[in-house]
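Bear in mind that the values in this text are calculations on the coordinates, not laboratory data. The structure displayed is predicted, hence computed values, not measured ones. Because the Cβ atoms are built from the backbone with ideal geometry, glycine has one as well, and the counts that use them run over all protein chains shown.
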Amino acid sequence: MSYARPSRRQLTSSVAAEYASTLDAREAAVGIRRDQPFLLPATGQPDIDVSLFFAPDTFKRLAADSQISYAMDLKVFLSFLAGQELNWRDATRDDLVDFEFWRRRDDRNPRRVSAAKFSRELAAISKFYSWQQHQGKVSRSPVAMIDNRRPTGPPSLRPELLPKSVRSTRVKWLTPPCVHAVA
């Protein structure tokens, strides 16, 4: 993962130095903002559709740590697909099922993750594909959604692969008098 112009280090490459003076303008021309995370595949050829996911105002308003988390979670998924020689635009539900198995259960993966971590990754993947659908870059998302309707609540959907062992937290607000009463 990289960032658009993260620092002004001395450029040692003559090729990089040649393009440095026009870099800001070229990044702006394709919608890349300063300090925006971007992912660069092993080919070295950036995918502008992936890069632009990190550009909208809604994304840049996220905390810096959240932006990094989204980028890192997508990096893992996109790298998994590339390792299978799959383009992210062609990913299917089955590819996501394979990813979930590899991330959480595969003994050949020495860095398996918890249900909570996978849930976060799944949220990033879902948001990425939802945005790409809205942009017209993909016709469908590999994240299958299922009805999460409760008898007393409004209709809602959730990702099919969302681990059942992850519970949402309910934050209770305490007033200062309540805090003092407990203490």
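Could you check the stretch 106-132 and list, in sequence order, the residues that are part of a loop (DSSP other than H, G, I, E, B) and of a type in the set (A, V, I, L, M, F, W, C)?
113
Given the residues 74, 62, 78, which is the only one that is closer than 25 Å to residue 164 by Cβ and of a type in the set (A, V, I, L, M)?
74
What residue, among those in the stretch 94-138 that are in contact (Cβ under 8 Å) with a residue 60 or more places away in the chain and surrounded by 13 or more Cβ atoms within 10 Å (Cβ to Cβ), is nearest to residue 73 (Cα to Cα)?
Result: 128.
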